[in-house]
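The values are calculated or read from the model by the stated rules, or taken from the named source; none is laboratory data. These figures come from a predicted structure and were not determined experimentally. We place every Cβ from the backbone using ideal geometry, glycine too, and count neighbours over all the protein chains shown. Side chains included, ligands, DNA and RNA excluded: accessible areas come from the protein's heavy atoms. Shrake-Rupley method; radii C 1.70, N 1.55, O 1.52, S 1.80 Å.
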Amino acid sequence: MKQSPPVIVGCGIAGLTVALTLAPRPAIILARKVPGLETSSNLAQGGIAAAMGADDSPELHAQDTMAAGAFHGDPAIIHLVTRAGPQAIRQLAAWGVAFDRDGQGRLDLTLEGAHCRRRVVHAGGDGTGAAVVRTLMDRARSTPSITIVEDANVVGLAAGDNGITGVAFTHHGKARTIATDNVVLATGGSGALWQYTTNPLGSWGHGLVLASRAGAALRDLEFVQFHPTAIDSGQDPLPLASESLRGEGAILINDLGERFMACEPMGDLSPRDVVSRAIWAQLQDGRRVFLDVHRIASFATRFPTIYDLCRTAGIDPVRQPIPVRPAAHYHMGGIAVDMQGRTNVDGLWAGGEAAATGLHGANRLASNSLLEAVVFGRRIAQGILGAAARAPATAVAFPEAPPIATPEERDRIRSLMMRHVGVQRDKAGLETAVEALSPLAVRCDMALAALLIARAALAREESLGAHCRTDFPEIHCEPKYAFGPSA
Ligand SMILES: Cc1cc2nc3c(=O)[nH]c(=O)nc-3n(C[C@H](O)[C@H](O)[C@H](O)COP(=O)(O)OP(=O)(O)OC[C@H]3O[C@@H](n4cnc5c(N)ncnc54)[C@H](O)[C@@H]3O)c2cc1C
């Protein structure tokens with residue numbers, strides 16, 4: 001059987017970066033639905049964090065990343081990514097991304113929660129993700145070495161003693177296989193496992209299941225970030241009111257008009273886990289929570305995407321505060337990879353949100369994920385280009401009928417995850433979730449992804465970063481080791 005080029009699963013910023021960096025070496029992207037559209041990348045609003053300002057440095061960016069991650073991140077990876085930040089922005093600009101600039105032509109930098117400097121680069125106001133995906137998609141489509149297979153849903157990976165041998169997928173509903181010795185999983189996050197999420201509904205952690213079945217290690221699955229300010233509009237997924245709103249002066253209030261974040265040292269710009277827990281506590285007390293944006297001048301012009309999202313949901317943000325609630329947003333855990341984006345299975349790589357590099361620790365610093373996807377996307381491509389070829393694969397079998405959740409099972413899984421594996425967890429609730437998910441997981445991949453996360457949350461008997469166990473109320477967030485520039 002003829003050996004194929006590397007196969008990239010997923011068409012968000014991670015998958016596209018790998019393919020564009022590999023060029024002119026051929027690559028195949030397998031993409032669900034319309035490539036690029038059903039992606040978290042396309043929804044990203046705030047932007048990409050990088051130390052581009054004159055008052056900033058990768059070191060300061062690293063310190064903020066470490067602190068937001070509750071000092072659970074890997075210092076070497078944090079330094080690697082923050083140092084590579086400016087170059088990643090220059091690469092995106094070279095690929096054609098038109099970042100927003102001020103009157104003097106300098107990058108317009110925004111402040112976001114838990115950043116000590118204005119360092120968030122954006123495009124199209126609050127439409128950064130859509131601008132980046134559109135630009136990279138156009139470029140990928142016009143790159144002859146990149147083949148994009150649309151409506152391709154990967155259902156299994158084939159691996160032998162020497163590593164990856166191929167990938168099985170459905171294409172327009174028909175069973176297909178490709179023999180290859182390099183597969184990159186860029187399948188995104190797992191937020192859609194929760195009832196309230198900002199992620200596309202296809203982002204339910206399928207990459208975790210595909211990787212673990214192929215023998216890859218997973219790590220830190222219990223660390224899931226709940227975005228504090230999803231717009232409580234009744235839509236599914238919930239639209240997002242980006243953190244940069246608070247960076248530009250928006251404040252959180254409850255239905256009594258109280259500024260309940262005022263007692264926190266960093267106030268409304270506290271790290272996401274702190275804000276999510278505070279809002280969750282308000283909701284548990286029967287209060288409603290709102291984001292008041294009236295202090296932001298020219299709101300509709302500066303934040304056109306959020307303005308449109310609000311209007312679609314029947315809210316006029318200029319005249320009334322925006323109702324918000326925490327929603328599953330970003331998975332810090334994922335497929336364990338090394339500094340190059342390699343898993344422990346030869347020929348299997350993972351990038352973007354599907355991977356756990358060690359950058360985010362127990363909680364992601366806002367706008368660090370697009371950066372990580374670009375930095376590691378480039379490293380994965382360089383790793384593949386430098387890797388020795390392995391013996392060609394001979395055959396790939398299509399797996400038995402892939403286990404798909406019924407709509408009722410899907411609702412049950414999502415409600416279990418929200419109730420028991422949500423913003424706050426405890427032993428009894430996690431045990432309930434594990435017990436309920438276990439029989440479902442035998443016949444349904446979505447339940448298996450949920451079970452893997454619930455088990456990890458049960459196993460970590462402490463509160464750390466975004467993992468808040470009410471039965472272990474003391475929150476650990478002190479450095480566990482000295483943190484310096486050379487670490
Ligand atoms: C509303 C929102 C706003 C955000 N804002 C920001 C921000 O401002 N800054 C920031 O840094 N981060 C932000 N994030 C997070 C960031 O967007 C994501 O972490 C990042 O885009 C993930 O990129 P990715 O390429 O790994 O995955 P995605 O962009 O989600 O792409 C995953 C791809 O994998 C495909 N896929 C999945 N499973 C399969 C399968 N079995 N077969 C075939 N294809 C499959 C999907 O269809 C999709 O094409 C935001 C996220 C959301 C949801």
Strands (runs of 3 or more DSSP E) contained entirely in the stretch 280-377, each with at least 2 residues that are open to solvent by 10 Å² or more (accessible area, probe 1.4 Å): 289-292, 322-331
Assess whether Asn153 counts as being farther than 22 Å from Phe299 by Cβ and near the ligand (Cβ under 9 Å from one of its atoms). yes
Test result for Glu248, over 26 Å from Gly422 (Cα atoms), surrounded by 13 or more Cβ atoms within 10 Å (Cβ to Cβ) and acidic (Asp, Glu): yes
Yes or no: the stretch 74-94 includes at least one residue that is farther than 27 Å from Val154 by Cβ and assigned to a loop (DSSP other than H, G, I, E, B). yes
Residues (at pLDDT 95 or above and within 15 Å of the ligand (Cβ to nearest atom)) located in the stretch 344-363: Leu348, Trp349, Ala350, Gly351, Gly352, Glu353, Ala354, Ala355, Ala356, Thr357, Leu359, His360
Answer with yes or no whether Glu258 is closer than 27 Å to Leu464 by Cβ and either aliphatic (A, V, I, L, M) or more than 10 Å from the ligand (Cβ to nearest atom) (or both). no
What is the residue count in the stretch 40-73 for residues that are in a loop (DSSP other than H, G, I, E, B) and either closer than 23 Å to Arg106 by Cβ or open to solvent by 20 Å² or more (accessible area, probe 1.4 Å) (or both)? 14
Taking the condition within 15 Å of the ligand (Cβ to nearest atom) and open to solvent by 20 Å² or more (accessible area, probe 1.4 Å), does Leu92 pass? no
Looking for something within 18 Å of Gly207 (Cβ to Cβ) and acidic (Asp, Glu) - is there at least one such residue anywhere in the stretch 402-425? no
Which numbered condition Thr17 fails, given (1) buried (at least 23 other Cβ atoms within 10 Å of the Cβ); (2) in contact with a strand residue (DSSP E or B) (Cβ under 8 Å, 6 or more places away or on another chain): (2)
Looking at the stretch 224-234, is at least one residue surrounded by fewer than 24 Cβ atoms within 10 Å (Cβ to Cβ), farther than 22 Å from Asp292 by Cα and either at pLDDT below 95 or over 13 Å from the mean Cα position of the chain (by Cα) (or both)? no
Which one of these is in contact with a helix residue (DSSP H, G or I) (Cβ under 8 Å, 6 or more places away or on another chain), of a type in the set (Asp, Glu) and in contact (Cβ under 8 Å) with a residue 40 or more places away in the chain: Glu264, Glu248? Glu248
